[in-house]
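Peer 1: One structure is given below, represented as C-alpha cells, and several questions about it will come after.
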C-alpha cells in the first residue's frame, strides 16, 4: 500500500529498494524452510488436475522482469504431446521451473533461455536451456548440494545462497523423477526434469468444448503474448494477436469474433479507448455486441467499474489463471 501513496522520486526509489530487498530475503527464508522440510520428510505432495501451459507460463511470468532487464529472450515451447492437463502438484512444479529459469537467466548475459515441454512413454519432460556461461565439468557433481556455488567468483558476481537447485533436485526426487544437467563452458547449460506423471483425461475432454472459438487478443508485451497464446492453445484455440489499440480495432472490423481479450495499457490507443471505438462502430453498423474482456493486472474495484462503463464484459487478471480464461471464453462470470 505504501507504493500507492504519493511520493517524491527519491522516496519511491528507497521504498522500492526496501520492497525488493524484503522479497529477496523472504524468498531465501522460504528456500531454507523448504530445504529443512525436505530433509526431515515433512513435505507432502498434492495430486490435482492442472494445466501444463498455464503452470509454465506463470513460472516464466514470475521471472520475465529479470529477462527484460538483461535483454535476454525467454521462450516457451510446449509440444503437442505435452500440452493439456496433468495430475500432480502444480505449486511444486511451478517452484521447480521458476528456480531453473531464474538460475538460467542469472548466468546468461546475452542470447536466450528456452523452456521446452514434451512427453514420452508416460513421462513429462521439462527442459530449460540457456546460452549462458556454462558450468565446468568438475563442478557438475556438486551442483545440487545445498549452499554450494560453482565457485567463489560466481557467488560474488551473481549472488545467491546456493539453495535453489538443491531444493529443485530434492523436489524432483520426491516426485519420483530425476533432474539432469548437461553443460559446456562458454556455450550454455541444459537442465532436464523427467517426471512420471498421469494425464487428467476427464478435464481434457471437458475443455474440448472451447475449441474452434474465434479469439482476438490485444497485448503489446511480447512475453505476455506468448503466455496468452500458450494458454489458449492448451484450450484448443489459436488466437489472433495484435500489439496496439488501433490494430485491435482494425482486426475487429475485418472479421467476426467470439471474444476480444483487451489489454488496458497499449501504445497508440489504450484498451478503454479501443473498446469505446468498437462499441461505437457496433452501434453505427447495427452489429451485435462482441464480448470484450479486459486482460490486465490493474483490477481494483474502481478500475473494474471503469472497464465496465467503457463496455467491457469482464476482467481476466494477470497473471493468467486458466480457470479465469475459461470463464471468459464461456461467459460464465466476470473473472
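The values are calculated or read from the model by the stated rules, or taken from the named source; none is laboratory data. Just so it is clear, the structure is predicted and the values come from calculations on it, not from any experiment. Heads up, the Cβs are rebuilt from the backbone with ideal geometry, glycines too, and the neighbour counts pull from every protein chain shown.
Peer 1: Name the residue, out of 7, 27, that is modelled with pLDDT under 75, closer than 25 Å to residue 175 by Cβ, surrounded by 14 or more Cβ atoms within 10 Å (Cβ to Cβ) and not assigned by TED's automatic domain parsing to the domain that holds residue 185. Break it down stepwise before answering.
Peer 2: Values: 7 fails: closer than 25 Å to residue 175 by Cβ.
Answer to the selection: 27.
Peer 1: Residues to consider are 324, 238, 220, 244; find the one that is touching a strand residue (DSSP E or B) at 6+ places or on another chain (Cβ under 8 Å), within 25 Å of residue 84 (Cβ to Cβ) and outside the structural domain of residue 65 (by TED's automatic domain parsing).
Peer 2: Every option except 324 fails the conditions.
Peer 1: Starting from segment 122-146, take each residue that is touching a residue at least 12 places away in the same chain (Cβ under 8 Å) and list its partners that are surrounded by fewer than 18 Cβ atoms within 10 Å (Cβ to Cβ) and part of a loop (DSSP other than H, G, I, E, B), counting only C-beta distances under 6 angstrom and pairs at least six apart or across chains.
Peer 2: If the second residue must be surrounded by fewer than 18 Cβ atoms within 10 Å (Cβ to Cβ) and part of a loop (DSSP other than H, G, I, E, B), the pairs left are 131/111; 134/185; 134/186; 134/187; 136/185.
Peer 1: Among the helices (runs of 4 or more DSSP H) lying completely within segment 215-315, list those that include at least 3 residues that are under 18 Å from the mean Cα position of the chain (by Cα).
Peer 2: Working: elements: 222-234, 245-253, 271-285, 301-310.
Where helices (runs of 4 or more DSSP H) fall fully within segment 215-315 and carry at least 3 residues being under 18 Å from the mean Cα position of the chain (by Cα), they are 222-234.
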